[in-house]
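*Asks:* The structure follows.
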Amino acid sequence: MKIMRKIHGIYLVFCFCLVISAQNITSGYGYAREEDPLIKVFKAIILHGRQANWPKVTVEVKGINDRFADIYKIFKIDFKPRIEDAIRQNDFQTLANQIANFVFFAICEKFYYNRQEKLEIFVRSKVRLRLAEEYYVTLLAGNVRDYDVRHKTRLHESIYNRFVKARDTLGSMGFLGAGAVKPDVKEFETLTKEIEALLLKAFPYFEDGQTDSE
């Protein structure tokens, strides 16, 4: 099991580095758009951790203390001490694994609140789903694709297709109230729980995001 976790960690670090490199290229050509703060912090943590610049990593981690609290509130898992311990040990691989697991819970958090609200507020539901998809595509998809290559699976395609289908479950506000479409809460729940299960298959060392309230 330790060997498998080490292998997953190596691939994860590699994919994170590719993400950072690609972002630098697009920024150089002026194509980059404003990123979600969480994505910025995650990339910075990986970048500085790879360079063994632990003071900068520490600063970046402090910048998302509120997000650690948000995740703990729902899932009762505190990532802050785990990540701080990885920093103290100068353990980049563990740091990358913990950050990736945190991204998974950030995705689960968006799904959770949409389920709780039963997609009743269209704009809010749409923003949450968009962010969840962005977290996946930007930070986890590269590693899932690599998993697919190594295991001859199609997890990335399955996950991404479910995100696309989930967009349609939100319904539509219509135009000035005309042509409005009600959300399909049941289908949204089914699709998002399948996404979570597929991610856990790609990242077997992740803790799951199940809560008693669900």
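Quick note: the coordinates plus some simple rules give every number you see, no bench work behind them. Just so we're clear, the structure is a prediction, and the values are computed from it rather than from any experiment. Ideal geometry is used to build each Cβ from the backbone, glycine not excepted, and the neighbour counts take in all protein chains shown.
*Asks:* With a cut-off of 8 Å between alpha carbons and a minimum separation of six or more residues, what is the relative contact order of region 82-174 in percent?
*Replies:* 25 percent
*Asks:* Count charges around ARG67 for me, please; just the other residues with Cβ under 10 Å from its Cβ, Lys/Arg as +1, Asp/Glu as -1. Present the calculation step by step, with values, prior to reporting the outcome.
*Replies:* Numbers: positive: LYS80; negative: ASP66, ASP70, GLU109.
Once all neighbours under 10 Å are counted, the net charge is -2.
*Asks:* Related question: With a cap of 13 neighbouring Cβ atoms within 10 Å, and only residues DSSP puts in a loop, list the trypsin sites (Lys or Arg not before Pro) found in region 105-142.
*Replies:* Taking region 105-142 and a limit of 13 other Cβ atoms within 10 Å, the loop trypsin sites (Lys or Arg not before Pro) found are LYS118.
*Asks:* Still on this structure: Please order SER172, SER158, SER125 by the number of other Cβ within 10 Å, starting at the fewest.
*Replies:* So the ranking, lowest neighbour count to highest, is SER172, SER158, SER125.
*Asks:* Also: In nm, give the distance between the simple-model label positions of ALA197 and ILE121, each being 7 Å from the Cα along the Cα-to-Cβ direction.
*Replies:* 3.0 nm
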